[in-house]
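A quick write-up on the structure given underneath.
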Amino acid sequence: MIGAAAVVCRADVARYDVAVPGNPASIAVSADGRFAYVALSSTSPASPNGIGVLQCSQGRYRLVRVVPVESGPFGIVLTHDGQLLLVADDGFVAFLSVPAMQQGRPALLGYLQDDPGDVEDNDPGSIYVNGTPDDRFAFVSDEGDATITVINLQQARRDGFSRAAIVGKIPVGNAPIALTFSRDGKYLLTTSEVAPPQYGWPDTCHQEGAASSVARPLPSGAVITIDVAKAETDPKDAVVGRARAGCSPVRLTISPTGATTWVTNRESGTLMAFSTAQLIAGSADARSATIDVGSNPVPVAVTRDGRYVLVGATNRFGPGGVGPGKLVVVNATRKEVVGTISVGRFPREFAVGVGDDILLSNNRSDTITVFDAARLPEILSPK
């Protein structure tokens with residue numbers, strides 16, 4: 001049920017596009033739906049890297065300003081109190097004041113350098129960020145460091161975002177990206193594109209983007225389960241489960257009931273369904289279904305009513321480079337594709353907004369597409 005102060009920002013159309021000045025990545029929507037924020041990587045000297053601020057006006061999101069940040073913003077998340085936006089920004093986490101962004105005042109509060117660990121001069125490649133439901137801790141995916149950084153968020157806010165707020169690092173598999181909490185907030189699930197050698201898993205996948213004649217054989221990727229309470233005190237011993245997850249798992253979402261975890265496999269072109277309970281229990285094979293969804297799927301989301309799983313097929317490694325993308329609509333109960341919708345080039349990230357609003361960033365088209373999830377059957381091309 002939508003609160004009295006919340007807004008659904010799509011007028012009376014099934015979809016519309018919003019142009020943005022740069023390549024959009026992650027999106028975050030305010031709890032009342034009045035604002036959306038998007039990480040932008042500059043494509044022109046005239047537009048800086050930054051956070052695009054979109055405001056709902058007359059039933060549509062409209063870009064009102066860009067708040068500059070350094071380096072390469074990608075993953076973003078709002079704190080649950082609505083006061084801060086956290087930005088995974090290459091080797092840093094940036095902290096921005098939400099009220100200041102909305103009002104057009106200077107919003108950047110500070111940067112926290114994401115400790116590169118034991119490797120000197122290594123950029124950890126901070127790509128995703130998420131915060132615990134109580135806003136006490138934040139977790140950052142270090143894609144280039146095979147770790148997840150744990151930050152005491154309360155200490156960071158109190159002490160000016162110094163590195164002293166870093167609790168430590170959780171060792172996970174290669175190229176961790178997704179950061180999704182279980183519905184009770186007790187566990188954090190992440191993806192690893194390639195399982196580390198110590199798992200002892202066989203080479204069943206291949207190097208992405210390389211010709212088949214030279215592509216290196218690689219082990220499958222993994223879904224890794226982290227005990228949040230352990231991570232807050234002893235990050236090095238916080239991993240409690242590892243499950244095989246196909247070739248290059250990159251994004252992960254959990255159904256509204258919490259029962260099913262959905263994972264996209266970029267190299268194998270599939271969507272996998274897992275039992276969340278089995279993942280938490282530490283099962284190495286918690287998979288319940290594998291669905292073919294097209295070329296190089298990346299983002300994944302579940303509609304609020306749980307009826308559909310949405311996947312962005314990116315064609316990222318197609319023979320002609322990144323081509324037009326597709327939104328693939330999967331029936332969550334039958335676990336089968338029911339149709340597709342043409343979208344922009346390189347659909348990158350979803351955000352589930354207020355009501356039936358779904359937002360999708362089209363990274364190479366410099367647009368955000370806003371969908372009415374309830375009207376998806378009207379606009380999809382049947383399988």
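The values are calculated or read from the model by the stated rules, or taken from the named source; none is laboratory data. Bear in mind that the values here come from a model prediction, so they are computed numbers and not experimental data. Counting neighbours? That spans all protein chains shown, and the Cβs are built from the backbone with ideal geometry, glycine included.
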Tabulated pairs, segment 61-81, first in contact (Cβ under 8 Å) with a residue 60 or more places away in the chain and surrounded by 15 or more Cβ atoms within 10 Å (Cβ to Cβ), second among the aromatic types (Phe, Trp, Tyr) and assigned to a strand (DSSP E or B), C-beta under 8 angstrom, 6+ apart or interchain
Gly75/Tyr128
Is there any pair linking a residue in segment 119-134 that is buried (at least 21 other Cβ atoms within 10 Å of the Cβ) to one that is modelled with pLDDT under 75 and not in a strand (DSSP E or B), with Cβ under 9 Å and at least six apart or on different chains, and which?
Pro124/Asp115; Pro124/Pro116; Pro124/Gly117
Looking only at segment 192-215, count every residue that is under 22 Å from the mean Cα position of the chain (by Cα), among the hydroxyl-bearing types (Ser, Thr, Tyr) and either surrounded by fewer than 17 Cβ atoms within 10 Å (Cβ to Cβ) or closer than 12 Å to Leu279 by Cα (or both) and tell me the total.
0
Checked segment 94-104 for anything surrounded by 17 or more Cβ atoms within 10 Å (Cβ to Cβ), farther than 20 Å from Ile368 by Cβ and either without any contact (Cβ under 8 Å) to a residue 60 or more places away in the chain or touching a His at 6+ places or on another chain (Cβ under 7 Å) (or both); matches are Ala94, Ser97
What are the residues in segment 334-349 that are among the charged types (D, E, K, R), surrounded by fewer than 19 Cβ atoms within 10 Å (Cβ to Cβ) and touching a residue at least 12 places away in the same chain (Cβ under 8 Å), if any?
Lys335, Glu336
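Please find, among Asp32, Asp114, Asp123, Asp90, the residue that is among the acidic types (Asp, Glu) and within 26 Å of Ala229 (Cα to Cα).
Result of the check over Asp32, Asp114, Asp123, Asp90: Asp114.
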With the condition being closer than 19 Å to Pro133 by Cα, I'd like the strands (runs of 3 or more DSSP E) fully within segment 223-267 carrying at least 2 qualifying residues.
249-254
Hey, among Thr260, Thr314, Thr233, which residue is hydroxyl-bearing (Ser, Thr, Tyr) and under 16 Å from the mean Cα position of the chain (by Cα)?
Thr314
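Per-residue answers, yes or no, for (1) crowded, with 24+ Cβ neighbours inside 10 Å; (2) hydroxyl-bearing (Ser, Thr, Tyr); (3) in contact with a Ser or Thr (Cβ under 6 Å, 6 or more places away or on another chain); (4) free of Cβ contacts under 8 Å to residues at least 12 places away in the same chain:
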{"position": "Pro217", "(1), (2), (3), (4)": "no, no, no, no"}
{"position": "Ala229", "(1), (2), (3), (4)": "no, no, no, no"}
{"position": "Val240", "(1), (2), (3), (4)": "no, no, yes, no"}
{"position": "Arg244", "(1), (2), (3), (4)": "no, no, yes, no"}
{"position": "Thr260", "(1), (2), (3), (4)": "no, yes, no, no"}
{"position": "Ala281", "(1), (2), (3), (4)": "no, no, no, no"}
{"position": "Asp285", "(1), (2), (3), (4)": "no, no, no, no"}
{"position": "Gly294", "(1), (2), (3), (4)": "no, no, no, no"}
Per the list (1) crowded, with 17+ Cβ neighbours inside 10 Å; (2) within 20 Å of Ala31 (Cβ to Cβ); (3) touching an Asp or Glu at 6+ places or on another chain (Cβ under 6 Å), residue check on Leu179 breaks on (3)
Touching a strand residue (DSSP E or B) at 6+ places or on another chain (Cβ under 9 Å), within 28 Å of Thr314 (Cα to Cα), hydroxyl-bearing (Ser, Thr, Tyr) and free of Cβ contacts under 8 Å to residues at least 60 places away in the same chain: is that true of Thr147 in this structure?
yes
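Identify, please: which residue in segment 3-49 is polar (S, T, N, Q) and in contact (Cβ under 8 Å) with a residue 40 or more places away in the chain and is, among those, nearest to Asp372 (Cα to Cα)?
Only one residue tops the list, namely Ser30.
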Restricting attention to segment 131-145, which residues are modelled with pLDDT under 95 and either more than 17 Å from the chain's Cα centre (by Cα) or of a type in the set (A, V, I, L, M, F, W, C) (or both)?
Asp145
Answer yes or no as to whether Gly52 is within 18 Å of the chain's Cα centre (by Cα) and either more than 27 Å from Arg251 (Cβ to Cβ) or free of Cβ contacts under 8 Å to residues at least 60 places away in the same chain (or both).
yes
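Residue by residue through segment 175-200, note down the ones that are assigned to a strand (DSSP E or B) and closer than 18 Å to Gly91 by Cβ.
Ala175, Pro176
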Odd one out for Glu232, checked against (1) closer than 25 Å to Val77 by Cα; (2) among the acidic types (Asp, Glu); (3) out of contact with any strand residue (DSSP E or B) (no Cβ under 6 Å at 6 or more places or on another chain)
(3)
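Inspect segment 223-243 for any residue being at pLDDT 95 or above and farther than 22 Å from Val150 by Cβ and give the result as yes or no.
no
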